[in-house]
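Following: one structure in structure tokens, then a few remarks.
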Amino acid sequence: MLDHSCQVQRHPHAERGLDLYETPSVAVEALLRVEKIPHRIWECAAGRGAIARVLREHGHAVIAGDIFDYGGLHFVGDFLAQERMPAGCEAIVSNPPFKIVEPFVAHALELAPLVVMLLRLAFLESERRCGTLEGRGLARVHVFRKRLPTMHRDQWAGRKANSGMAFAWFVWIRNYIGPTFIDRISWER
């Protein structure tokens, strides 16, 4: 039975602080099995480094930044205020803060030729997201077959459980024209 106690929509924005939900390493491992990620990556909402750590273990050079200094970052700053990618970075790979997900993704698309974001599957819904989802190079959506394990808000003291929401890796490629390919992936081997 799936426990829905950790669903993000049950927590008001005021309680969610900076909206840090650490990405399970198995989610990043699953991404690396289905996508060829460039060597030099910008993780612009790095938090405590969950995505960066896995990418580095696989030989990627990762520039890690966040709006708050959780430690181990290359820089601290508001991603939405950044005017360019760090030198040499070829892609943005991130799990953005959900309360500002739309401007975050839109800004990433302005800066990077390849954008890979871990998002709720429900991001595909909504008329207001047409400008981000249509005609912007959304090439692939890798939907997890099973809910991701334990994605809890930073400092969460409640019961630990699987995520109550469906997540997917969304992949935008600048200048990609064509239909969006949707597949199902597993975070289990």
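Results, tabulated for the structure shown:
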read-out: Residue satisfying all of: in the range 86-103; closer than 14 Å to G65 by Cα and out of contact with any strand residue (DSSP E or B) (no Cβ under 8 Å at 6 or more places or on another chain); modelled with the highest pLDDT among these; value: A87
read-out: Test: residue in the range 173-180 that is surrounded by 12 or more Cβ atoms within 10 Å (Cβ to Cβ) and either modelled with pLDDT under 95 or out of contact with any Gly (no Cβ under 7 Å at 6 or more places or on another chain) (or both); value: yes
read-out: Criterion: within 19 Å of G135 (Cβ to Cβ), open to solvent by less than 30 Å² (accessible area, probe 1.4 Å) and in contact (Cβ under 8 Å) with a residue 24 or more places away in the chain - qualifying residue of F98, F123; value: F123
read-out: Exclusive hit being surrounded by fewer than 15 Cβ atoms within 10 Å (Cβ to Cβ), modelled with pLDDT under 95 and among the small types (G, A, S), set G164, G131; value: G131
read-out: Matching residues, the range 33-64, being in a helix (DSSP H, G or I), among the charged types (D, E, K, R) and in contact (Cβ under 8 Å) with a residue 60 or more places away in the chain; value: R33
read-out: Test result for C89, open to solvent by less than 50 Å² (accessible area, probe 1.4 Å) and not in a helix (DSSP H, G or I); value: yes
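The values are calculated or read from the model by the stated rules, or taken from the named source; none is laboratory data. Just so we're clear, the structure is a prediction, and the values are computed from it rather than from any experiment. Heads up, the Cβs are rebuilt from the backbone with ideal geometry, glycines too, and the neighbour counts pull from every protein chain shown. When the accessible area is computed, the model is the full protein with side chains, heavy atoms only, and any ligands, DNA or RNA have been set aside. Shrake-Rupley method; radii C 1.70, N 1.55, O 1.52, S 1.80 Å.
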